[in-house]
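Following: one structure in structure tokens, then a few remarks.
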Amino acid sequence: MWAFREWIFPALNPRDIVTLGEGRSPLVDVDVSGRRVLVKQCEQQPTGSFKDLGMTVLVSAANAMRRKKRDIHALVCASTGDTSAALAAYGARANIPVVVLLPKGKVSPAQLLQPLAHGARVIELDGDFDACMRVVAAIGKRPGFLLANSKNP
């Protein structure tokens, strides 16, 4: 996808790009009620999630900030699976620490495996995803911590 850098993040210096080869998944031709539709197979991204497409941009931006001497202690997110997997993988590639908050008892062992395998600090909190999101949103306001979640009202 970085072949389209000028559309995605034109100000980004190419040396700051953090990539795992995302975006190279196939388009499948599907017939939907007599109309041809191309469907992107995002489960074939490096971490198995469409979240890789956004995480490469976020972690590349963080990488650029660090190169410009902005202090980034860690990238933080609340997650129930895909966000933490993508953030941990891209953070590891950039050598930026990652902290993941998960709702206790609501994440499968398979969803927990990827952030742990990539060296993320994983913390389980009592409560649901929204409770974790409130905590990481507060952490993300502190200097040196970059929030890696999209916040939807």
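Between Gln111 and Ala131, what is the label-to-label distance in nm when each label sits 7 Å out along the Cα-to-Cβ direction?
Rounded to a tenth, the inter-label distance reads 1.5 nm.
Hey, can you find the accessible area per residue of region 3-153 for me, probe 1.4 Å, expressed in square angstrom?
Numbers: 8780 Å² over 151 residues.
Spelled out: the 1.4 Å probe surface of region 3-153, per residue, equals 58 Å².
How large is log10 I(q)/I(0) at q = 0.09, 0.12, 0.20 Å⁻¹ when the Debye formula is applied to the Cα atoms of the chain, each weighted equally and without solvent?
-0.31, -0.54, -1.23
Can you put Trp7, Trp2 in order of accessible area, largest first, using a 1.4 Å probe?
Numbers: Trp7 195, Trp2 35 Å².
Descending order: Trp7, Trp2.
Give me the compactness ratio for region 8-74, meaning the Cα radius of gyration over 2.2 N^0.38 Å. It would help to have the intermediate numbers written out before the result.
On the way: Rg = 16.1 Å, N = 67, 2.2 N^0.38 = 10.9 Å.
With N residues counted in region 8-74, Rg over 2.2 N^0.38 Å equals 1.48.
Specify the inter-centroid distance of region 68-105 and region 1-64, based on alpha-carbon positions, in whole Å.
18 Å
Aspartates and glutamates near Lys106 by alpha-carbon distance under 15 Å, same-chain residues fewer than 8 away left out - which ones?
In chain and number order, the partners are Asp82, Glu124, Asp126, Asp128, Asp130.
Please give the FRET efficiency for Lys69 paired with Asn13, using the beta carbon to beta carbon distance and R0 = 22 Å, rounded to the nearest 0.05. Mind showing how you got there, number by number?
Numbers: r = 14 Å, r/R0 = 0.64.
Computed FRET efficiency for Lys69 and Asn13: 0.95.
Run the 1.4 Å probe and let me know the accessible area of Leu20, rounded to the nearest 10 Å².
Answer for Leu20: close to 50 Å² accessible.
Over the chain, what is the percentage of antiparallel beta bridges among all DSSP beta bridges, to the nearest 5? Present the calculation step by step, with values, prior to reporting the outcome.
Values: 6 of 18 bridges.
Looking only at bridges with both residues in the chain, the antiparallel portion is about 35 percent.
Hey, any idea what Rg/Rh is for region 96-151, computing Rh the Kirkwood way over Cα pairs?
Numbers: Rg = 11.3 Å, Rh = 11.9 Å.
Ratio of gyration radius to Kirkwood radius: 0.96.
Express the relative contact order of region 1-109 as a whole percentage, based on alpha carbon pairs under 8 Å and six or more residues apart in sequence.
On the way: 141 pairs, mean separation 26.1, N = 109.
Relative CO of region 1-109 lands at 24 percent.
Can you tell me the length gained on complete extension of the stretch Glu43 to Ser150, counting 0.36 nm per residue apart and subtracting the Cα distance?
36.5 nm
Using only helices, what value at 222 nm comes out for the chain when you add -39,500 (n - 2.57) per DSSP H run of length 4 or more and divide by the total residues, to the nearest 500 deg cm²/dmol? Walk me through the intermediate numbers first.
On the way: 5 runs with 55 residues, N = 153.
Helices in the chain give a 222 nm mean residue ellipticity of -11000 deg cm²/dmol.
Computing the accessible area with a 1.4 Å probe over protein heavy atoms, can you report the carbon and sulfur percentage for region 34-139?
53 percent
Near Ser49, within a Cβ-to-Cβ distance under 13 Å, what is the net charge of the other residues, with Lys and Arg +1 and Asp and Glu -1? Could the numbers behind the result be given before it?
Working: positive: Lys40, Lys51; negative: Glu22, Glu43, Asp52, Asp82.
Overall, the nearby charge balance is -2.
The values are calculated or read from the model by the stated rules, or taken from the named source; none is laboratory data. What you see is a predicted model; the values in this text were computed from it and never measured. Note that we place each Cβ from the backbone using ideal geometry, even for glycine, and neighbour counts take in every protein chain shown. Accessible surface areas use protein heavy atoms only, side chains included; no ligands, DNA or RNA. Shrake-Rupley method; radii C 1.70, N 1.55, O 1.52, S 1.80 Å.
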